[in-house]
Amino acid sequence: MSDKLSYLPEDETELLPVGEWFDELTWSPSQCYCRIQYNGVDYILYLRWRWTDPWQAYVIKNADNLASMNNGRAVWSGDVFELHQFQYRDAELELAKDKLLSLFYEVDGDFSQLRLLQQIA
């Protein structure tokens, strides 16, 4: 991760750089995005905060830019933090980023079971 300020591209179809967090901390909703590539697949790690704690965390498979997050190929996980019972306050953003990244690698990028569990509950 670099120390420079990063801004989301104005064109939502522009590829996000791999491994770089983009923060939109404009109060509510605050959103953070990080594109990663794993086993030849693109993912966006997505954090969202709305009005009250905690942060919500999602993994979006087959997404490499903002526009692709909501196309027919994108597959969203459930709220990863809720499913694992982790809670991060608005001021704990860096901890939330680190935890989402570590959870991603713990499940080898496969959140399909988590989505099924959330749909059953």
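The values are calculated or read from the model by the stated rules, or taken from the named source; none is laboratory data. Bear in mind that the values here come from a model prediction, so they are computed numbers and not experimental data. Reconstructed Cβ throughout: ideal geometry from the backbone, glycine too, with neighbour counts over all protein chains shown.
Consider region 46-74 and keep the residues that are surrounded by 15 or more Cβ atoms within 10 Å (Cβ to Cβ) and aliphatic (A, V, I, L, M). The one that is nearest to L25 (Cα to Cα) is L47.
Please name all residue pairs, on different chains or six or more residues apart, with Cβ atoms under 9 Å, provided the first residue is in region 26-49 and is touching a residue at least 60 places away in the same chain (Cβ under 8 Å) and over 18 Å from V75 (Cβ atoms) and the second residue is crowded, with 20+ Cβ neighbours inside 10 Å and basic (K, R). Partner pairs satisfying both residue conditions: C32/K97. Scanning region 54-88 for residues that are in contact with an Asp or Glu (Cβ under 6 Å, 6 or more places away or on another chain) and either under 13 Å from L100 (Cβ atoms) or part of a strand (DSSP E or B) (or both) gives a single hit, Q56. On inspection, E14 fails the criterion of being of a type in the set (D, E) and either part of a helix (DSSP H, G or I) or in contact with a Phe, Trp or Tyr (Cβ under 8 Å, 6 or more places away or on another chain) (or both). How many of the residues making up region 58-80 are free of Cβ contacts under 8 Å to residues at least 24 places away in the same chain and not hydroxyl-bearing (S, T, Y)? Adding up the residues that qualify gives 7.
Evaluation of D110 against the conditions (1) part of a loop (DSSP other than H, G, I, E, B); (2) crowded, with 17+ Cβ neighbours inside 10 Å; (3) acidic (D, E) shows that the sole unmet condition is (2). Criterion applied to L95, L117, L47 was being at pLDDT 95 or above and more than 23 Å from E12 (Cβ to Cβ), and the one residue passing it is L95.
Cβ-Cβ contacts under 6 Å between residues 6 or more apart (or on different chains), taken from a first residue in region 81-101 that is free of Cβ contacts under 8 Å to residues at least 12 places away in the same chain to a second residue that is hydroxyl-bearing (S, T, Y) and surrounded by 18 or more Cβ atoms within 10 Å (Cβ to Cβ), are listed as L95/Y88.
Only residues that are surrounded by 20 or more Cβ atoms within 10 Å (Cβ to Cβ) and touching a Gly at 6+ places or on another chain (Cβ under 6 Å): list them for region 26-45, please. Passing the criteria: none in range.
Within region 74-92, can one find any residue that is β-branched (V, I, T), modelled with pLDDT of 90 or more and touching a helix residue (DSSP H, G or I) at 6+ places or on another chain (Cβ under 9 Å)? Yes; the residues of region 74-92 include at least one that is β-branched (V, I, T), modelled with pLDDT of 90 or more and touching a helix residue (DSSP H, G or I) at 6+ places or on another chain (Cβ under 9 Å).
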